[in-house]
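Structure, as structure tokens:
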Amino acid sequence: NAGVTQTPKFRVLKTGQSMTLLCAQDMNHEYMYWYRQDPGMGLRLIHYSVGEGTTAKGEVPDGYNVSRLKKQNFLLGLESAAPSQTSVYFCASRNDSSHNEQFFGPGTRLTVL
Amino acid sequence: KQEVTQIPAALSVPEGENLVLNCSFTDSAIYNLQWFRQDPGKGLTSLLLIQSSQREQTSGRLNASLDKSSGRSTLYIAASQPGDSATYLCAVNTGFQKLVFGTGTRLLVSP
């Protein structure tokens, strides 16, 4: 049981390049989340999904797109990376009860030059 | 808008001390509160989850309390060890598929 995994672990992009971050979970969780963590700001929710085929905007969605084609995977895309998107990105998942805890992946450290 | 504050931002203690980390939130309408540990360059590890109807939760040397009416939670660490050195984050579940995080307390336990 690997839990929540993220690929890649590190990435450096140039401004304007695109990339996709992959999150996978093997716990059969319905809900999945993408957060970004910046110094002094805590984690902020980018997008989330309440089930396969669904996505919704979080607190800071601009510049990102997501897809949930399979229940176990949640993809975060940057179409045209900007230096302001330099951050550490965390994926999380949880079961379908609102009382259940979220489980986090190890993070992806992204630098945009 | 829910806001979560953690005080202190950093704490340094000698090994063996008991310590308390504080978390406060502005809106008492929460489903639960979760405490996490984050090691440098790593992801978040869930330590304790307190439901809104509970007053406290314990796991080993950790005890977390919740006072919804006053918008406060504390994480008590007994007999601290150097291995406890990490950043501790609290997050409140507001429903609406959202965790609101504090900015964390960076703990250093020296031998």
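Every residue in region A:45-59 that is crowded, with 18+ Cβ neighbours inside 10 Å and either facing another protein chain (nearest Cβ under 9 Å) or more than 16 Å from A:SER84 (Cβ to Cβ) (or both), please.
The answer is A:LEU45, A:HIS47, A:TYR48, A:SER49, A:THR55, A:GLY58.
Count of region A:72-84 residues, restricted to those that are modelled with pLDDT of 95 or more and either of a type in the set (Phe, Trp, Tyr) or more than 14 Å from the chain's Cα centre (by Cα) (or both), is 6. Among residues of region B:75-85 being within 14 Å of the chain's Cα centre (by Cα) and surrounded by 20 or more Cβ atoms within 10 Å (Cβ to Cβ), the one that is farthest from B:VAL13 (Cα to Cα) is B:LEU75. For region B:16-25, the criterion of a residue being in contact (Cβ under 8 Å) with a residue 24 or more places away in the chain, away from chain A (no Cβ under 14 Å), in contact with a Ser or Thr (Cβ under 7 Å, 6 or more places away or on another chain) and closer than 21 Å to A:LEU45 by Cβ is satisfied by no position. Picking from residues in region A:28-43 that are within 13 Å of chain B (Cβ to nearest Cβ) and part of a loop (DSSP other than H, G, I, E, B), the one that is nearest to B:GLY41 (Cα to Cα) is A:PRO39.
Against the definition (crowded, with 21+ Cβ neighbours inside 10 Å and away from every other protein chain (no Cβ under 13 Å)), how does A:LEU76 come out, yes or no? Yes: the conditions hold for A:LEU76. For region B:70-111, filtering for residues that are assigned to a loop (DSSP other than H, G, I, E, B) and within 12 Å of another protein chain (Cβ to nearest Cβ) leaves 8. Looking at the structure I just gave you, is A:MET27 in contact (Cβ under 8 Å) with a residue 12 or more places away in the chain and either closer than 23 Å to B:ILE50 by Cβ or among the charged types (D, E, K, R) (or both)? So A:MET27 fits the description; yes. Across region A:89-103, the qualifying residues are those that are surrounded by fewer than 21 Cβ atoms within 10 Å (Cβ to Cβ) and not charged (D, E, K, R), and the one among them that is modelled with the lowest pLDDT is A:SER98.
Hey, does region B:91-106 have a residue that's at pLDDT 95 or above and over 30 Å from A:SER49 (Cα atoms)? Among the residues of region B:91-106, at least one is at pLDDT 95 or above and over 30 Å from A:SER49 (Cα atoms), which makes the answer yes.
The values are calculated or read from the model by the stated rules, or taken from the named source; none is laboratory data. Predicted model, so just to flag it, every value in this text is computed and none were measured. Note that each Cβ is placed from the backbone with ideal geometry, even for glycine, and that neighbours are counted across all protein chains shown.
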